[in-house]
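This report refers to the structure that appears directly beneath it.
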Amino acid sequence: MKFSKAYEPNQYEPDIYALWEKSGAFAPTNKKNAKNYTIVMPPPNANGNLHIGHGLTIALEDILTRYHRLKGDNTWYIPGADHAGFETWVVYERRLEAAGKTRFDYNRDELYDQVWNFVHEQRGNMELQLRALGASCDWDHLTFTLDQKVVDTVYDTFEKFWKEGLIYRGKKLVNFCTKHQTAFADIEVTHKDEQGKLWQIAYPLANPKAELEEIIVSTTRPETLLGDTAVAVSPKDKRYAEVIGEKVKLPLTNREIEIIADEHADPEFGTGVVKITPAHDPNDYEVGQRHNLDMITVIGFDGKMTKEAGANYEGLTTADARQKVLGDLEDQGLLRGEERIVHSVGHCYKCDTVIEPLLKEQWFVDVKPLAKKAIETLEANKIKFHPANKKRVLINYLKNLKDWNISRQIPWGIPIPAFQNVDDPTDWIFDKRVDQQEIKKNGKTYRRDEDTFDTWFSSGQWPVILTNEKKQHYPTSVMETGADLLFQWVGRMIMLGLYNTGDVPFEEVYMHGMVLDEKGQKMSKSKGNVINPIEMVSKYGSDALRLGLIASRSAGVNQAFSSSKVIASRNLCNKLWNVSRLIQDMVDNAEEQSNEIKIDNYGEDWICREITKTNKEIQKLLEKYRFAEAGDAIYDLIWNKYADWFLEGEKLWKDTALLKKTLEQILIMLHPFAPFVTETIWQTLSWTEGMVMTQTWPESLPFDAKRAAKFEELISIVTNIRSHFQSLPGAGSYPVAFYDDKLIYDNQLLIQHYTKAPAVPEIKPEDAKGLHLAIAGHPNIYLEIPEDIHAKYKANLEDRIMKLGQEINTLEARLRNPNYVEKAPKELVEETKSQLETKSKLLADMKAEFELV
RNA sequence: GGAUCCAUAGCUCAGUUGGCUAGAGCGCACGAUUCACAUUCGUGAGGUCACAGGUUCAAGCCCUGUUGGAUCCACCA
């Protein structure tokens with residue numbers, strides 16, 4: 001291959017990925033004295049497309065993976081594909097609807113097969129996209145969340161729970177979406193503040209007293225009145241103390257219900273009386289439990305009033321029933337007022353339907369013991385979090401966690417392996433024969449539970465499942481995922497991982513924030529501000545997207561996407577491409593080919609020092625998950641140091657052995673961040689062998705620190721001269737004359753090359769003329785400029801003298817402070833002193849010059 | 001009600017045991033240019049680090065409070 005003039009990512013990326021994949025190097029090695037490094041990928045939706053957040057996830061995980069592979073670890077990055085239970089079901093149900101069908105036209109097994117086929121028709125796109133992003137994951141172990149090994153583990157866990165009594169079947173209030181016909185966990189419900197009304201309704205006492213004939217309750221949901229089984233007052237509320245235990249006539253029905261005393265009633269709120277509807281309100285449910293109240297279900301799973309609501313209301317929607325109830329109350333003179341209030345209402349996170357708390361028999365996990373263990377583990381710092389504060393947030397959540405409803409009434413998921421005795425509804429058994437609707441056991445007939453597991457129940461066991469085959473990779477090294485999944489996923493993986501294995505599922509957690517659009521807004525389809533990562537890849541290249549995404553981003557913080565960072569990264573790739581092109585050119589044209597490195601000028605010492613310094617810095621930063629800073633460090637090395645200074649100088653020296661070596665090191669160090677361009681270059685260079693992906697992380701390069709420091713002096717001299725050339729009228733360049741300066745003498749050619757000065761002559765002190773440069777340590781440099789330009793320079797010099805004077809004042813003030821001299825570290829004080837000395841000398845030179853000019 | 005995060009250059013953001021003159025990319029201004037790269041090179045302007053106190057020899061960083069923005073959890077008859 002030859003280097004074209006510019007790097008065109010699209011031209012190379014697919015072939016490069018194919019090269020890697022074919023090589024087998026994505027599979028974990030099994031070296032004896034190497035550490036294991038494992039990341040399980042949060043599985044993207046199997047039949048969806050990746051979004052920009054996946055771009056970030058893959059970038060971060062793949063940087064870590066490739067870095068550790070280069071470091072020689074037994075590195076294993078395991079990909080996954082999610083059946084995404086509810087998400088996918090919603091999509092499929094929409095298709096059914098479009099075809100004029102509903103889920104009720106089929107039985108569960110038929111629906112499961114249909115969705116299975118649907119998903120597998122759509123599948124594969126996501127996996128291609130992961131490849132386009134450069135994920136160096138082990139495709140041989142790609143796991144779909146409905147694969148048999150997943151189901152096996154989930155069933156084993158369920159059975160173990162069952163035997164230990166951690167699973168129970170309970171009829172409790174669940175969050176039910178009447179559109180999607182399924183229950184949700186608490187965490188899946190989105191609460192929104194809404195404008196609503198609070199109505200006052202009179203409940204007449206069964207035995208009216210002279211001073212109290214009726215009590216007035218306040219409610220936002222009058223239609224649930226039909227299911228009231230008590231009214232509650234605070235036990236401390238003196239107004240009602242006498243009527244506790246008495247009955248009231250429930251309006252619109254002919255029932256009488258009791259007045260009970262319960263803490264739930266707040267004397268300060270409204271009239272201090274609460275109607276109690278245990279079947280339709282979570283708080284009332286608890287009151288009902290405490291007082292052993294009846295539970296009357298007046299709203300059905302279809303969102304309509306039931307038979308129990310009475311003939312007048314049966315079949316009405318809750319909204320219609322509300323109007324009718326209000327009208328009827330009004331007719332009877334029992335409606336006593338209304339006021340507007342803002343209250344929070346739960347909605348289905350997919351379809352926005354109001355979530356109805358309904359009584360339903362479901363499987364619940366008793367989370368107390370699991371959460372307790374998780375909290376202990378977290379408090380013992382067994383898992384390190386980035387950002388660190390997420391640990392406390394998670395502990396706080398776990399402390400208040402309620403039992404977890406794991407039943408979902410959707411066909412797309414892992415069937416719950418539980419069967420119910422057809423003759424005895426209380427008799428449930430555990431059995432794995434879920435492919436049958438009815439089974440026989442001990443002469444009894446059992447019918448399968450139609451429900452499936454909450455997907456978080458299975459994905460909560462993800463690290464355990466994926467490492468099952470190579471147990472030495474558990475616990476995994478780091479769990480990298482979005483900050484929004486702290487509770488529903490990370491927390492559950494910790495609980496279930498500990499339960500399954502006794503050990504944590506991962507040693508560290510890194511949580512990234514959301515990728516917002518360029519204006520800092522959340523991306524959403526409805527807003528139309530979604531950025532497609534694959535479009536970015538085809539426009540700028542995969543490496544540019546990766547580098548651009550990690551730039552300026554820190555753990556846990558939501559940050560805007562920045563196309564300018566992507567473009568800057570694209571430019572970096574091109575820069576490196578051209579650097580390589582130049583070096584290849586020098587190698588091709590070199591008179592002798594030698595692999596022996598001879599460091600014989602300051603710039604070479606300097607670049608060896610800088611590469612080594614950056615090498616250590618990148619390692620340190622990646623260990624701390626500081627991706628953005630690591631990216632900056634390598635960017636700075638390649639562009640500002642390697643290309644702008646070292647390579648520019650090497651145009652004169654052409655030490656090909658050193659050029660090769662340094663370029664190789666840079667390619668390896670950049671590889672985790674920009675895998676495609678580094679590999680493309682590696683494959684294109686004439687002398688490199690194998691793949692950059694499977695090289696070894698570079699060792700330190702040899703250098704002489706004093707000589708490297710000399711080069712830095714040269715840099716500041718050159719910069720100073722360039723600055724003068726720019727600011728002097730005419731913006732020309734002039735001879736740089738000097739005397740008695742070894743550094744300049746030794747580097748005349750280089751200085752001429754960097755500054756583009758016409759000459760760098762050595763002169764006799766008495767011949768010095770022109771503009772005297774004030775550079776610390778180099779007092780004898782003159783720009784030979786015409787007389788008339790001097791005056792302009794004088795003003796500039798005056799400014800610099802003033803500035804320097806201020807700096808000297810600061811230093812002097814610091815040293816005058818006895819506390820500073822005594823308490824600050826000695827090195828620091830010494831440094832201040834030496835700085836003061838240098839600067840004072842410089843100031844004296846400048847002042848002398850000012851007089852001369 | 002409880003909690004968390006954020007506020008630094010025109011924009012997006014770094015700045016992690018407190019240390020000297022607060023950085024980057026983009027943008028802006030000025031200049032260059034056949035010879036690796038216009039996806040280029042060079043030079044430069046631009047910041048009372050939200051505000052008010054405090055701790056310290058020393059504060060963008062630590063503490064207290066205030067203001068503004070974002071998010072999460074719980075509750076809301």
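The values are calculated or read from the model by the stated rules, or taken from the named source; none is laboratory data. It should be emphasised that the depicted structure is a prediction, and the values quoted were computed from it without experimental measurement. Cβ coordinates were reconstructed from backbone atoms using ideal geometry, including for glycine residues, and neighbour counts include every protein chain displayed. Only protein heavy atoms, including side chains, enter the accessible area calculation; ligands, DNA and RNA are left aside. Shrake-Rupley method; radii C 1.70, N 1.55, O 1.52, S 1.80 Å.
Condition check ((1) of a type in the set (F, W, Y); (2) at pLDDT below 95) across all residues:
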| residue | (1), (2) |
| --- | --- |
| A:D435 | no, yes |
| A:V478 | no, no |
| A:F487 | yes, yes |
| A:R492 | no, no |
Test each condition in (1) hydrophobic (A, V, I, L, M, F, W, C); (2) crowded, with 16+ Cβ neighbours inside 10 Å; (3) within 30 Å of A:I395 (Cα to Cα); (4) within 11 Å of RNA strand B (Cβ to nearest atom) for A:F506 and report the one that comes out false. (4)
Which residues, taken from region A:205-229, are open to solvent by less than 40 Å² (accessible area, probe 1.4 Å) and assigned to a strand (DSSP E or B)? A:L205, A:I215, A:V217, A:S218, A:T219
Taking the options A:A628, A:A674, name whichever one is over 18 Å from A:S700 (Cβ atoms) and modelled with pLDDT of 95 or more. A:A674
Exactly one of A:E623, A:E604, A:E664 is of a type in the set (D, E, K, R), closer than 25 Å to A:Y540 by Cα and either more than 8 Å from RNA strand B (Cβ to nearest atom) or touching an Asp or Glu at 6+ places or on another chain (Cβ under 8 Å) (or both), and that one is A:E664
Selected residue [open to solvent by 20 Å² or more (accessible area, probe 1.4 Å), under 32 Å from the mean Cα position of the chain (by Cα) and hydrophobic (A, V, I, L, M, F, W, C)] from A:L146, A:L142, A:L133: A:L142
If only one of A:K833, A:K847 is within 10 Å of RNA strand B (Cβ to nearest atom) and open to solvent by 90 Å² or more (accessible area, probe 1.4 Å), which one is it? A:K833
Quick one: which residue in A:D644, A:D704 is among the acidic types (D, E), over 23 Å from A:K22 (Cβ atoms) and touching a residue at least 12 places away in the same chain (Cβ under 8 Å)? A:D704
Among the residues of region A:717-750, which ones are under 52 Å from the mean Cα position of the chain (by Cα), without any contact (Cβ under 8 Å) to a residue 60 or more places away in the chain and open to solvent by 60 Å² or more (accessible area, probe 1.4 Å)? A:T719, A:R722, A:S723, A:Q726, A:A731
Given the condition open to solvent by less than 60 Å² (accessible area, probe 1.4 Å) and either touching a Pro at 6+ places or on another chain (Cβ under 6 Å) or within 30 Å of A:V342 (Cβ to Cβ) (or both), answer yes or no: does some residue in region A:154-165 qualify? yes
For A:Y474, indicate whether it is more than 16 Å from RNA strand B (Cβ to nearest atom), of a type in the set (S, T, Y) and in contact with a Phe, Trp or Tyr (Cβ under 6 Å, 6 or more places away or on another chain). no
Please verify whether region A:540-561 includes one or more residues that are free of Cβ contacts under 8 Å to residues at least 60 places away in the same chain, within 19 Å of A:F676 (Cβ to Cβ), within 15 Å of RNA strand B (Cβ to nearest atom) and open to solvent by less than 70 Å² (accessible area, probe 1.4 Å). yes
Sole miss for A:Y155 among (1) aromatic (F, W, Y); (2) away from RNA strand B (no atom under 13 Å from the Cβ); (3) touching a strand residue (DSSP E or B) at 6+ places or on another chain (Cβ under 6 Å) is condition (3)
Single match in A:R570, A:R609, A:R553, A:R546 (criterion: over 30 Å from A:E712 (Cα atoms) and in a helix (DSSP H, G or I)): A:R546
The condition from (1) surrounded by fewer than 17 Cβ atoms within 10 Å (Cβ to Cβ); (2) within 16 Å of RNA strand B (Cβ to nearest atom); (3) part of a helix (DSSP H, G or I) that A:S686 misses is numbered (3)
Residue list for region A:158-189, restricted to those being within 16 Å of RNA strand B (Cβ to nearest atom) and out of contact with any strand residue (DSSP E or B) (no Cβ under 6 Å at 6 or more places or on another chain): A:K172, A:D186, A:I187, A:E188
Region A:730-752: number of residues that are closer than 14 Å to A:L783 by Cβ, within 16 Å of RNA strand B (Cβ to nearest atom) and not in a loop (DSSP other than H, G, I, E, B): 5
